[in-house]
Structure formats: C-alpha cells, structure tokens
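The values are calculated or read from the model by the stated rules, or taken from the named source; none is laboratory data. Predicted model, so just to flag it, every value in this text is computed and none were measured. Here the Cβ positions follow ideal geometry from the backbone for every residue, glycine too, while neighbour counts run over all protein chains shown.
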Amino acid sequence: MNKHFKTPPKEPSFLTTVNLLQSRLKILIGHKINLTGKSRTDGSNIRKLIASTLEQYELPELALEDEYEIVPLKKKGIPKITREFIDTYIVTSGNSYNLQVWNRIPASNSLLIKYENGTSLKCKDVRFILVKVDIQKKEISSIAILSADYIVKQFGKFGKPTIKYQLLISSKSRKEIIKSKEKILTFRDTTKMTYLLQGDIDPPKSSFAKEPSFNEIYSIALLKKIVAEKLIGYKLDAAATKNRGQALERKVLELLGYQLTEKELLFGGYPDIKNQLLEIKVQDSPTVDLGKYTPEFEEIIVEELKLTTKDVRYLIALTNPETEIIEGIILSPGEKLGEIFSYVSSKSYKCQRSIPMSFFEKHKGKIVINPD
C-alpha cells in the first residue's frame, strides 16, 4: 500500500465524501478474491485492494508535518488508511460478524488527529468499510460504508474493554496552560449539572464522601475562584505521586471548607470528593492515571441524580516534578477531557460489536452507505 496513505489529509474537509467513495468502490462488487483462510492476511489484502482502487482517483491533499499532530501514543487507534480516514474489514461466513475496533472507542469524541488550524479528526469520524465476500463464489458480494454512530444506533453500543486508562496531556498543551495569563484551563459544567449547582459560596452541609445534593454543588466557575486560583504556586510537600495526590486532595477539601482532621482517612472512592462530584489528579509526567473509571465511557455515578462520568469535574494540577510546585490547573467536566487531550491505555485493547449476517445478505450486489 502506498506509504502516503499513512499521512492524514491537509484538513478534515479535504476527505473524499462517502458518496464519492461509494461511486469509486462500486467497481469492486463481483471482484474475485483469493482467500487464504488466514484472517490477518485476507484482511490486509482487502485493505490493499480498497487503497489501490481509490488510488486510481484524485486523493485528498496531504498534510505537511508541521500542520498536524497524531494525538494517541504510538499512533494507537489511527485508521489504517489515514489519508481517507478509513478502516476496512472483511466479512465472510457465520450467523453474525464480530466487528473488532482496536485501541479507540469508536463513537467517541476523543481526538486522533489535531490540526494547527484548530480543526481535528476524532474517533467518531473514522469511516468503516465492511466488505462481504461470498466464500463459495470467492467474490465480493456487497460493501457497506458505515459510520460509528450508525453502527451504535442500528446494532447497539460497542462492548467496554476492561483495561487501565490514562489521559495524555502533551508537553505542548501543558506549556500553553502554564504560560497563559491565568495558568488555568476551564470549561463550563455539563448541561445536566447546571440545574443542580448553587450560586453562592456556602460552607458544605454534608460530608465530602456523601453523594451530592441539589443546590449544594459548586459550579466550575466557583471552584475556579475558591480552589484553582489559590492552588497556583502551592507546593505539594510529598514524596510519591500517590502521596502528592492525597496531599492535594486534603488541600482542596480545606479550601472548600470541609472539616478533616490530619489523621482522618480520605474517601478513596470515585470521585475523590463525591459531595462536589470532583475528581483530583496530579500531573507531573505526560500521562495521568484515571483508575477504574474514565469519562471516555459514560457510566452512572450518582443513581438518584443520574449523574455520569461525563458530569464529573476533574481538577488536574500540573506540578513541576523537581520543585513540586503547582504551575497550572485544568478544571473540566469529564465530557470535555477527550476533546482536548487524548485517552491512552497501558496495553492494546479492542471494542467489539456483533452485526447480524442478514444485514450484509440484505444488501447483496450493492454498495451502501448507512442504509435504513
């Protein structure tokens, strides 16, 4: 496959439209396929066939090296045909096809490619091309061009992989925050949270470990004033990262007005300060350990109020690893983290979604785009 297929387009708007992809790939219906029986080899051959067919037409202009940034570490999750933001799959036999997507959450807003002009390509932007092969005739019988949102809507959510998640904050993003006037990056609370927030600064009425209540939760705007602004320049006097995290948590509790003795145990749950739906993190290396929960997956955290990992507010202190002084702060709802930074995992993982074989049989002899 042409090495230039690994380079993204100059900008997202340069991608070939799905209608043009449909027109250009139509010629492959009935194309003879030599199956080896080895899934990786057959999958690779289909990808090369798609790429060589598209190469007969005008392709999107290539981005220059200084015009974009691949966000995930080791380019994990980036579609194989990056130039057209396409991943290809070969479908053969059985009652259903098990679609496996490696190292990204398919329908999420998590960044994959970030452009210098402010635009981006996200996980949900990847185009899926599923090629159904008739193993008896050894030919392509149908092709489906699908979006991640369509797959979720038609067949259900992708399964959640069980892995340890981390958030990657690049050195470039970190420097931009630290060099900014306020040294604080904030975003508004989620729409759901706006109906639960209190407008004034009142002392907490409950324990920090108790679930949040209506009109007792500080907004991000208030958290910035009460906590974030006072943390800039503060020194976390602890040796290990875990201890620094606990030291920061105690300091935040103090600033919020919670009564906590020196020996009193911290909550240890999620989020750290449950009463304020606030998770506390320290970043002194490129990655931040997110632990058991990640905003990349929406899970209900407070059943009564239907609050989820997307609503949880994250306070991330950007500390100097040598001086232990907090030089910057990120204060954001979970739903925004993946749009600005990147989720990574400690190992490769896959998300899976079963698609009935009848779907492909229904469109035999055709190439379709997100069919009804």
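Listed values, structure above:
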item	result
Selection from region 110-133 of residues that are assigned to a loop (DSSP other than H, G, I, E, B), in contact with a Lys or Arg (Cβ under 9 Å, 6 or more places away or on another chain) and hydroxyl-bearing (Ser, Thr, Tyr)	SER110
Among the residues listed as GLU116, GLU84, the single one being surrounded by 15 or more Cβ atoms within 10 Å (Cβ to Cβ), acidic (Asp, Glu) and touching a helix residue (DSSP H, G or I) at 6+ places or on another chain (Cβ under 8 Å)	GLU84
Residue pairs meeting the criteria (Cβ under 8 Å; at least 6 apart or on separate chains; first at pLDDT below 95, in region 135-151; second small (Gly, Ala, Ser))	ILE135/SER93
Residue list for region 59-77, filter: at pLDDT below 95, surrounded by 15 or more Cβ atoms within 10 Å (Cβ to Cβ) and of a type outside the set (Gly, Ala, Ser)	GLU69, ILE70, VAL71, PRO72, LEU73, LYS76
Strands (runs of 3 or more DSSP E) contained in region 298-351 and holding at least 2 residues of a type outside the set (Phe, Trp, Tyr) and within 25 Å of LEU196 (Cα to Cα)	300-302, 313-319, 326-333
Test: residue in region 230-244 that is at pLDDT 90 or above, within 15 Å of TYR314 (Cα to Cα) and either outside any loop (DSSP other than H, G, I, E, B) or outside the structural domain of GLU304 (by TED's automatic domain parsing) (or both)	yes
Extreme residue, surrounded by the most Cβ atoms within 10 Å (Cβ to Cβ), among residues of region 179-191 that are in contact with a strand residue (DSSP E or B) (Cβ under 7 Å, 6 or more places away or on another chain) and not in a loop (DSSP other than H, G, I, E, B)	LEU185
Selection count where residues are in contact with a Ser or Thr (Cβ under 7 Å, 6 or more places away or on another chain) and among the acidic types (Asp, Glu), scope region 75-127	1
Region 92-109: number of residues that are among the polar types (S, T, N, Q) and not in a loop (DSSP other than H, G, I, E, B)	3
